[in-house]
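Structure, as structure tokens:
FYI, it's all coordinate maths here, none of it is from the lab. Since this is a predicted model, take the numbers as computed values, not measurements. Here the Cβ positions follow ideal geometry from the backbone for every residue, glycine too, while neighbour counts run over all protein chains shown.
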Amino acid sequence: MDEAERATVERVLRDRADALGERLAGMAAPPERGSGISFGKRIGDGTTEAVRRLTDVGVGNSLEVSHARVLRAIGKLDDGTYGTCDACGRPIAEARLRVSPESVLCIDCARAAR
């Protein structure tokens, strides 16, 4: 990878890391005062809010995994190992990196990790 390609990949990864970090920070913010869930006679509103929060937990977990993967890819750029699979040490296909520059596993190792 030449210097221009590396700079482009780094910019894309840093932009993704920033965007994911902002989303995670927004999700981690405490709820507004007085917006607690109450389960009285009208449990519909509370149930809807509880389901939304459970969904947010799942989304938050996914965002954390994505953020960690992007940060790992940035680290690999910094230490000169970008494009090398973390699991087996073989090169990651260029097509895979073009589509998903945060990939730190080759396709075979990514399949095996599922």
Once phi is turned into θ = phi - 60°, what whole-Hz ³J(HN,Hα) does the Karplus curve with 6.51, -1.76 and 1.60 give for every residue of the range 82-90, x standing for Gly and Pro? 4, x, 10, 5, 5, 8, 10, x, 7
Under 5 Å from the placed amide H of residue 84, counting only residues 5+ away or on other chains, we find 92
Of 92, 61, 82, farthest towards positive along the dipole that unit charges on Lys, Arg, Asp, Glu beta carbons give the range 59-100: 92
